[in-house]
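To start, the structure itself, in structure tokens.
The values are calculated or read from the model by the stated rules, or taken from the named source; none is laboratory data. These numbers come from a predicted model, not from an experiment. Because the Cβ atoms are built from the backbone with ideal geometry, glycine has one as well, and the counts that use them run over all protein chains shown. Note: accessible area is taken over every heavy atom of the protein model, side chains too, but ligands, DNA and RNA are not part of it. Shrake-Rupley method; radii C 1.70, N 1.55, O 1.52, S 1.80 Å.
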Amino acid sequence: MRAGRRKKPAAPAQRPRRTGITWGDEVPAGERRKAPPAAGPVSGDGLPRQTDWTRVLLMALPLMLLAFAAIVVLSNLQLVEPPDLEVAAPPPDPLAGFSADAQDSLTAPDIQVPARLKLTFLGKPEELCAELTEIGLPNGGWTKAPFRRGRWQCASDVVPLTTPSVDFGSATLFFLLRGGSEDRVDYLRLKLNVEDPRQMEYGEATVRSVIGALSDRYSWAVPDRFLQAISDFEALEMTDRGVRLSVAPEDPNLTGDPAASQRLNIILNFGEPDLIRPADGFQR
């Protein structure tokens, strides 16, 4: 057996140079190798994980359906044309059956009878008369007025409010309450006589009690101007919500009595409600 020839070992200068293993910062900056790019996600067996397109499609499907529905709705809105609006025929003239004079009267811009809202006091006047008795003004109760057909009233006698003195008589008060029916009050008259000026406060307090009993029962705030005129014994004529209010001291020159200036007449007249039209105006 003949042995083969062994190859001559290469010279050291001709051998490929191996890269040595270095640690830390021992490698010169020019000889450092760049790190390979980081690998993507891998599966459990070490192979790159593929994108799950089925899951991506399932997540995007609702958005695609919603966009498709919006396109369909917008297309239908653009295709639908508004219907033609038909002009409705005017309604028949409600005054066609009336004469020309009646039509002119009903459509006239001018007010035939001016009317204002007024306070109307309904309720139980007999309870008000009973309350005035409790105040200290006895009366015969709410009954039909004598000599006045269709009228009701309660009235007091002249009631002394104070004790007379040597120099002056007592302060007195009289009231008359009337109405046009059994359940309605439309008129109140008070007459106050105060001979002694020092007793004025007693008379004024009683007058305020009577007016207050009426206003409280019907929830009506009496104007302060009216009450102040009573306190000052001054003449006043005014209207409040259709109610005519009057304060009238008697005039000594007209009565010939020097003591007339110590007597005061107070009237609250509610009157009848204003009619908008005469009743015969509604006849055809």
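Annotations for the structure displayed:
- Candidates are the residues of the range 252-284 that are of a type in the set (G, A, S) and surrounded by fewer than 13 Cβ atoms within 10 Å (Cβ to Cβ); the one that is modelled with the lowest pLDDT is A279.
- Taken over the range 220-250, residues that are assigned to a loop (DSSP other than H, G, I, E, B) and surrounded by 12 or more Cβ atoms within 10 Å (Cβ to Cβ) amount to 9.
- Among residues of the range 149-174 that are within 21 Å of I230 (Cβ to Cβ), those with a Cβ under 7 angstrom from a residue that is of a type in the set (S, T, N, Q) and exposed (fewer than 15 other Cβ atoms within 10 Å of the Cβ), sequence gap 6+ or separate chain, pair up as S170/T163.
- Boolean, G150 is small (G, A, S), within 30 Å of L190 (Cα to Cα), surrounded by 10 or more Cβ atoms within 10 Å (Cβ to Cβ) and at pLDDT 80 or above: no
- Of the numbered criteria (1) closer than 22 Å to C129 by Cα; (2) touching a residue at least 40 places away in the same chain (Cβ under 8 Å); (3) crowded, with 18+ Cβ neighbours inside 10 Å, the one Y202 fails is (3).
- Some residue of the range 133-146 being open to solvent by 40 Å² or more (accessible area, probe 1.4 Å), at pLDDT below 85 and more than 19 Å from S219 (Cα to Cα): no
- R189 open to solvent by 10 Å² or more (accessible area, probe 1.4 Å), in contact (Cβ under 8 Å) with a residue 40 or more places away in the chain and either polar (S, T, N, Q) or closer than 25 Å to K124 by Cα (or both): yes
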